[in-house]
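Working notes, beginning with the structure itself.
Each value in this text was obtained by applying a stated rule to the coordinates, not by laboratory testing. It should be emphasised that the depicted structure is a prediction, and the values quoted were computed from it without experimental measurement. A quick note on method: Cβ atoms are made from the backbone with ideal geometry, for glycine too, and the neighbour counts reach across all protein chains shown.
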Amino acid sequence: MNYLDKIKAEGRSANPFFLLMGIDVVSMGDGTAELKMEVRPDMANGVGWLQGGMLVPFLAKARVLPLSRNPPALSGVSGRERFLQKER
């Protein structure tokens, strides 16, 4: 079983980092991946916002996960992020 199949079958349990960060794979396919992560209080910086050091590895996984099955010939990755604010 390859890594992507393992992620699809086991969810966050397939990746210790996903367990630590509370990351779930919402969907994957056609070169895309949608991940979600609950922001916990222990992930905040001094002013209460998500610490950047928590965000960067999350974004890296979201960008690289779709490339795991068929890595591109070029050594660059581009993407866009969409941030949703929790409803109040």
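See the values below:
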{"read-out": "Peptides ranked, highest mean first, by Cβ atoms within 10 Å: ranges 16-25, 44-53", "value": "16-25, 44-53"}
{"read-out": "Over the range 3-67: Rg over Rh, Cα atoms, Kirkwood Rh", "value": "1.00"}
{"read-out": "Inter-site label distance for Phe17 and Ala60 at 7 Å from Cα along Cβ, in nm", "value": "0.6"}
{"read-out": "Residue-span extension gain [Gln51 to Ser68] - 0.36 nm each, minus C-alpha spacing", "value": "3.4 nm"}
